[in-house]
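Just below is one structure, and these are the notes that go with it.
Just so it is clear, none of the values below were taken in a lab; they were calculated from the coordinates. Just so we're clear, the structure is a prediction, and the values are computed from it rather than from any experiment. We place every Cβ from the backbone using ideal geometry, glycine too, and count neighbours over all the protein chains shown.
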Amino acid sequence: MDTIAFVAFASIISAGLTMGLGALGPAIGEGMAVKQAVAAIAQQPDEKNTITRTLFVSLAMIESIAIYCFVISMILIFANPFWDHVISKGG
Amino acid sequence: MELLRLNQISPDQVILWQYGFIKITATLAYTWMIMAILILTAVLVTRGLTSGEQISRWQNLLEVVVSTIRSQIYEISQEDPGHYLAFIGTLFLFIGLSNLLLIVPGYVAPTASLTTTAALAICVFIAVPSYGISRHGILHYLKEYFQPTFIFFPFHVMGELTRTLALAIRLFGNMMSHDKVIAILLAVTPLFFPIIMHALGLLIGMVQAYIFAILAMVYIASATQAHEEKIHPPKPETPTGQNP
């Protein structure tokens, strides 16, 4: 396998792994957060506004981890710096 | 019209007009367009403000928007929203409108480019200490970085930097992923599913604008209110004696 093919192979495999493993943790975390929020709203419907706002903010915090992984995998596929380097070296 | 090709990750790479080293990218053009829409609407509507019983429908719209933003700010900061209304409201309206215009064909959201979101996040990064200093004075504000001991100083600084980075990457990632998902779905199932994803994208865009503004407000509130409890310690909660 020459270098260009190896870089392409490694980039695509690791992009898939990044997205898959990176979605795993935030998915579990968001599920637990929503579960607790729904239970809290069921217990105290008067505090619905505060709970919903806090839920949205914390969901955004958790979700940003998955978004980091997505950005990394997008860079690996569409704007890969190593790929450009190898292409410019190989000519 | 497909302005942004699939292998272009940000609208910065779309150059609409170039003269020498001056480039007008799609990000720049659409940012100007949104600013023009916001400013023209505000100027035209506020020209004929009345406090009578008959108000125009545009004044009604603006009153709803402004009073909603004021009440949201008040719920977080528990103080007069007038100080923060200009900054937080501008952030929310700019991001919200730029995400909402995605329904227009040929439009690329400037928030899908990392430069725009980084600029907005840097605005928040600068605004947080300036609100804190204007409230407490520079010495009191800087003392907060050394609480509880001086060892915590690098962690406070790192926290400020990473949350700015997170603010920028979150908005960029959400909007860019929306563009890419639409483009990929158009290639795979061009008939019906892109419309559903588009509707979902509008919802995500508004939620992201809300979250950006709320997080900026939470950061500012944490900078302005961290000291009040040390200077004026809150009175212990006494039971009011309302027995059922």
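A few remarks follow.
- Evaluation of B:ALA29 against (1) under 17 Å from the mean Cα position of the chain (by Cα); (2) surrounded by 10 or more Cβ atoms within 10 Å (Cβ to Cβ) (one fails), failing number: (1)
- In the condition set (1) polar (S, T, N, Q); (2) under 29 Å from B:ASP80 (Cα atoms); (3) touching a helix residue (DSSP H, G or I) at 6+ places or on another chain (Cβ under 7 Å), B:SER177 is compliant with all but (2).
- Of residues in the stretch B:77-131 being touching a helix residue (DSSP H, G or I) at 6+ places or on another chain (Cβ under 6 Å) and part of a loop (DSSP other than H, G, I, E, B), the one surrounded by the fewest Cβ atoms within 10 Å (Cβ to Cβ): B:TYR107
- The stretch B:158-182: number of residues that are over 22 Å from the mean Cα position of the chain (by Cα) and more than 11 Å from every other protein chain (Cβ to nearest Cβ): 1
- Scanning the stretch B:183-190 for residues that are within 14 Å of another protein chain (Cβ to nearest Cβ), over 19 Å from the mean Cα position of the chain (by Cα), not in a loop (DSSP other than H, G, I, E, B) and not basic (Lys, Arg) turns up at least one hit.
- When the stretch A:44-91 is filtered for residues that are of a type in the set (Phe, Trp, Tyr) and more than 11 Å from chain B (Cβ to nearest Cβ), the ones remaining, listed by number, are A:PHE82, A:TRP83.
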